[in-house]
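What follows is a set of notes on a single structure, which appears directly below.
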Amino acid sequence: MGGHEDQILDAVRDCVERWGPAKVTVDDVVAASGVSRATLYRLFPGGRDVLFEAYRVRELNEFFDTITASLDQMDDSADVEDVVVQLVSTATRELRADDHLALLLAAEPGEVLTQLTVDGLPRILRVANSYIAPVLEPHLAIERAPLLIDLLVRITISYFLAPSDHVDLGDTESARAFLRPGIAAVTSSTTSTSPSPDPRSQT
């Protein structure tokens, strides 16, 4: 994106912080962005729903840009466990430090919970797969990546929303100890999601 698109999405972010996502209208965004209503609808045909989908996807892209960039500091000897632990611990710390998210959780917790779970989870998983599957590829059979990513996303969101006295996913060593069994289960060569053949079909 660029130009007017970013200008409009910046305005959505500002309006959301000011009034909460449920109360923001297209007219609010037009006024805040300085872009005409016609230009907004040309760039985001479909109006508010399309606009907010683009805003949420951009927020996710920025988030996953940050956490995957954290892998640049790892050396070439890193294995799948190292990569996963780095991603989860960085993601957890970024979520905790996100002032925009904290404002939304304070203003409209129900809406934020919906966007992190029921309604928003398919979007989060789609973006997560686009970013994380390529970095797992050197370490993991490609068909196993979506299963591992699904597990990591759900665990990270759950422990962010409901912190534990026993596990701190923002701490690398705590995250490693907690995640190791799940990583091993998903990456094990004996793990299979395929059903066993029906013996009655044998002739």
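The values are calculated or read from the model by the stated rules, or taken from the named source; none is laboratory data. Small disclaimer: the values here were computed from a predicted structure and weren't measured. Using ideal geometry, Cβ is built from the backbone for each residue, glycine included, and neighbour counts are taken over all protein chains shown. Only protein heavy atoms, including side chains, enter the accessible area calculation; ligands, DNA and RNA are left aside. Shrake-Rupley method; radii C 1.70, N 1.55, O 1.52, S 1.80 Å.
Per-structure values
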{"item": "Test for residue 62: is it free of Cβ contacts under 8 Å to residues at least 12 places away in the same chain, in a helix (DSSP H, G or I) and on the phi < 0 side of the Ramachandran plot", "result": "yes"}
{"item": "Lone unmet requirement of (1) part of a helix (DSSP H, G or I); (2) open to solvent by less than 30 Å² (accessible area, probe 1.4 Å); (3) of a type in the set (Val, Ile, Thr) for residue 167", "result": "(1)"}
{"item": "Residues that are open to solvent by 40 Å² or more (accessible area, probe 1.4 Å) and assigned to a helix (DSSP H, G or I), drawn from the range 3-14", "result": "4, 5, 6, 7, 10, 13, 14"}
{"item": "Test: residue in the range 78-89 that is among the hydroxyl-bearing types (Ser, Thr, Tyr) and closer than 30 Å to residue 11 by Cα", "result": "no"}
{"item": "Within the range 15-38, considering residues that are out of contact with any Phe, Trp or Tyr (no Cβ under 9 Å at 6 or more places or on another chain) and surrounded by 15 or more Cβ atoms within 10 Å (Cβ to Cβ), the one farthest from residue 117 (Cα to Cα)", "result": "35"}
{"item": "Restricting the range 95-146 to residues that are hydrophobic (A, V, I, L, M, F, W, C) and surrounded by fewer than 15 Cβ atoms within 10 Å (Cβ to Cβ), the residue that is nearest to the chain's Cα centre (by Cα)", "result": "118"}
{"item": "Among (1) under 23 Å from residue 172 (Cβ atoms); (2) free of Cβ contacts under 8 Å to residues at least 12 places away in the same chain, the one test that residue 96 misses", "result": "(2)"}
{"item": "Positions within the range 162-181 being within 13 Å of residue 91 (Cα to Cα) and among the aliphatic types (A, V, I, L, M), in sequence order", "result": "169, 175"}
{"item": "Count of residues meeting criterion [of a type in the set (Asp, Glu), part of a helix (DSSP H, G or I), open to solvent by 50 Å² or more (accessible area, probe 1.4 Å) and over 18 Å from residue 115 (Cβ atoms)] in the range 65-94", "result": "2"}
